[in-house]
Structures are given as structure tokens and as C-alpha cells.
Amino acid sequence: EGGLLGSQDVALAYKKAARKVVADFHFDMTGFWKGSEVIGLVSDHTDPESRALVKSLAETYTRLKTKEFACGYGCSDHASWNTAGYRSAMAFESDELEGNTNIHSPRDTVETLDFDHMLEFSKLAVAFAYEVGYDSTN
């Protein structure tokens, strides 16, 4: 992986073209967890308002609690959107960035995924899209 090159190009092109982006909600690795089953919310390179919305939606529409954690660097595509000035949030499969020891290895197979866990992220995605896409003026 080159590291955010694609998302940086897109986010900066959107900014240059003054494209309206209500928010970026990035999902990265949603099928594995260990320890407590939660939705991890990345606290750095995101904005507090979007994180608060995601937390509220998760508590309302999923069976999981959220837990914030910091990557310590721009660990995924949400950082490109945040750097470009857009509201951004990132949901992660657990509250540990390095929790999945299978990633990028021969053990990184579908058999290691928890589809019930992934379903909760799908519920969260639909809820977020509805909430940020809803225009009360219509």
C-alpha cells in the first residue's frame, strides 16, 4: 500500500473543485474483533461532531457500544478528508488498531471474519447515510 495516496488525491480534488461533502464516514476492517466486542471510533484526524453522531447512532441502531482510541497518525483514508477540511469519522472493528494479527498474512481469510459483527457496521452505515443525507427543508 502506498498510504493514503488515492484518498488524498480525491479529497484534494474535491476541495479544489469546491464540491460539497457533508461528511466522510470511513470504515476500515469491520469483520474481526477480540476482547470486548465494540465499534472502535478513531479519535485523531476526525472531528468531534461526527464522532458524537456516530456514537449516538451506534447506541441507537446497533447492539454494540463504542470505544474511542487514537491511531497516533493518519492511519486510514479518513485522515485525508479531515486534512482537506471535511468532517470525518472512522469506525473500526475493535478498539485496538493492531488487534487483528491476521491482517496482510496468509491467515487473512474469510474464515476469520465475524459476519454478525460486520452486520452492526452495515446498520451504522445506513443510519449515518440517512442522518447526514436527510434534508428537512424538503
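Residues in region 80-100 that are without any contact (Cβ under 8 Å) to a residue 60 or more places away in the chain and open to solvent by less than 70 Å² (accessible area, probe 1.4 Å): N82, L97. The set of residues in region 44-60 that are touching a Phe, Trp or Tyr at 6+ places or on another chain (Cβ under 9 Å), free of Cβ contacts under 8 Å to residues at least 60 places away in the same chain and open to solvent by 40 Å² or more (accessible area, probe 1.4 Å) contains only H45. Identify, please: which residue in region 1-20 is farther than 29 Å from E96 by Cβ and touching a residue at least 40 places away in the same chain (Cβ under 8 Å) and is, among those, surrounded by the most Cβ atoms within 10 Å (Cβ to Cβ)? My answer is Y14.
F27 meets the conditions (1) touching a residue at least 60 places away in the same chain (Cβ under 8 Å); (2) in contact with a strand residue (DSSP E or B) (Cβ under 8 Å, 6 or more places away or on another chain); (3) not in a strand (DSSP E or B) in every case but one. The failed one is (3).
The listed residues are S56, S7, and the only one of them that is within 29 Å of V110 (Cα to Cα) and either in a helix (DSSP H, G or I) or touching a strand residue (DSSP E or B) at 6+ places or on another chain (Cβ under 7 Å) (or both) turns out to be S7. If you check D114, D77 for being surrounded by 14 or more Cβ atoms within 10 Å (Cβ to Cβ) and farther than 27 Å from V10 by Cβ, only one passes: D114.
The values are calculated or read from the model by the stated rules, or taken from the named source; none is laboratory data. Please read these numbers as outputs of a predicted model, since none were measured by experiment. Quick reminder, even Gly has a Cβ in these numbers, built from the backbone with ideal geometry, and neighbours come from all protein chains shown. The accessibility values were calculated without ligands, DNA or RNA, using every heavy atom of the protein model including side chains. Shrake-Rupley method; radii C 1.70, N 1.55, O 1.52, S 1.80 Å.
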